Structure formats: structure tokens, C-alpha cells
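As C-alpha cells, the structure follows; a few thoughts come after it.
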Amino acid sequence: MADTISTDDYYRADISTKKHPEELGAWWFKNWVRLYNVFKVKFESRTVDLQKKTDLLAFRFAQDENLGPFYVDLKDDYRFVWSDLPSTVQLATKDAPYGFLLLSPEWVAAQSQTVGANLGAFAEGGGKWPIAAGEKSLREFIQERVQDKKLQSQLIELLDLLLKE
């Protein structure tokens, strides 16, 4: 699959679902306090149960559609999934079933153990959201505000480490 990037430009981002996963080139990020990884996924189904107060999304990873389906509750479960933009799979249609889904490292680790596969390997480029969204600003802030060059170097190194994971 082609490399995927992130962009802070809403109009350059793929905010609608696509017919094929290769059409997903840029995910939109915005600032938030939790870290999520971005995945290209294929919409399978969505079931809303008003009595149980659930909004269950079934999906498969675009990089290996033989795995799954996987499930996340889109209703108020931000510990595991970001159910609004920049995730787009919740807007999928039959003709355009592929979209982005932001999943927490905790969800990915738990599901990886369950299926015996490293699902984290399917994460797209552009870094973890939201830290990747603020990378440029964080670098500038560190360089402008931290006078101690050794500490500045350590903070930049830490930022690089966080972005790499």
C-alpha cells in the first residue's frame, strides 16, 4: 500500500471513505490529549442498540482482510477508539467501505494478543495522533523556550522516540 501521511489541512485530508484502501492518502489530525494510531480499515457493519446504549462497529484491517472482523463500541469509549473525525470509517457506505480508524495502543495490544498477530504493524504513517499533529509546534517550543542545550537535546530526543513508537 502507498505511504499514508497526516495533515493539519482539513481540505487536503481524506475525510470521506473510499472504494479502495489505496485511495486513502492523508488523514486529518486535530489536537487532543490521548494518543491513537491510525489504521486503514474496511467497514463491515454497524449495530446500534439503544437499550444497551452501544454503537458497535465491525471492521477489518485493510492490510489483512482475512483477520477479523474486529469490534469497537463507538459510543463514548475513547479509551480504545476515536469515533469522530479524523476517523472516517463510521461514515462508510456500501460503495465506499474503506476509511481511517483511530485506535488506542491498549486496544491494539489486547487484540494483537487475542488473534496472535501484531496488529500495530498495520498502523499508517504520520505518527501517533495527536502528538504527530503538534510535532512542529513542540519542536519550535522546545528550541525557543528551553535555554539549556543539553536539556533541549534530551527533549528533542524524547519527542523523536515518542513519534517513532
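The values are calculated or read from the model by the stated rules, or taken from the named source; none is laboratory data. Everything numeric here is computed off the predicted structure, so don't read it as measured data. No Cβ is skipped: glycine too gets one built from the backbone with ideal geometry, and neighbour counts run over all protein chains shown.
Close contacts from region 108-124, counting a first residue that is charged (D, E, K, R) and a second that is not in a loop (DSSP other than H, G, I, E, B), with Cβ to Cβ under 9 Å and a gap of 6+ residues or different chains, come to E124/I5; E124/S6; E124/W27; E124/N37; E124/V38; E124/F39; E124/K40; E124/F100. The set of residues in region 38-53 that are surrounded by 16 or more Cβ atoms within 10 Å (Cβ to Cβ) and free of Cβ contacts under 8 Å to residues at least 60 places away in the same chain comprises K42, F43, E44. Among the residues of region 15-36, those identified as at pLDDT 75 or above, surrounded by 20 or more Cβ atoms within 10 Å (Cβ to Cβ) and in a loop (DSSP other than H, G, I, E, B) are T17, L24.
Determine whether region 97-119 contains at least one residue that is assigned to a helix (DSSP H, G or I), closer than 16 Å to E23 by Cβ, out of contact with any His (no Cβ under 6 Å at 6 or more places or on another chain) and at pLDDT 85 or above. Walk me through how you get there before you give the answer.
Of the residues in region 97-119, the ones assigned to a helix (DSSP H, G or I) are 105-115, 119.
This time we only want the ones that are closer than 16 Å to E23 by Cβ, so: none.
Checked against the condition, which is being assigned to a helix (DSSP H, G or I), closer than 16 Å to E23 by Cβ, out of contact with any His (no Cβ under 6 Å at 6 or more places or on another chain) and at pLDDT 85 or above, region 97-119 yields no hits at all.
L85 - would you say it is farther than 19 Å from T17 by Cα and either touching a Lys or Arg at 6+ places or on another chain (Cβ under 6 Å) or in the same structural domain as V115 (by TED's automatic domain parsing) (or both)? Answer is no for this residue. Checking the structure you have, find out if any residue of region 77-91 is in a helix (DSSP H, G or I), of a type in the set (A, V, I, L, M) and surrounded by 21 or more Cβ atoms within 10 Å (Cβ to Cβ). Within region 77-91 (the criterion being in a helix (DSSP H, G or I), of a type in the set (A, V, I, L, M) and surrounded by 21 or more Cβ atoms within 10 Å (Cβ to Cβ)), the answer is yes, since at least one residue qualifies.
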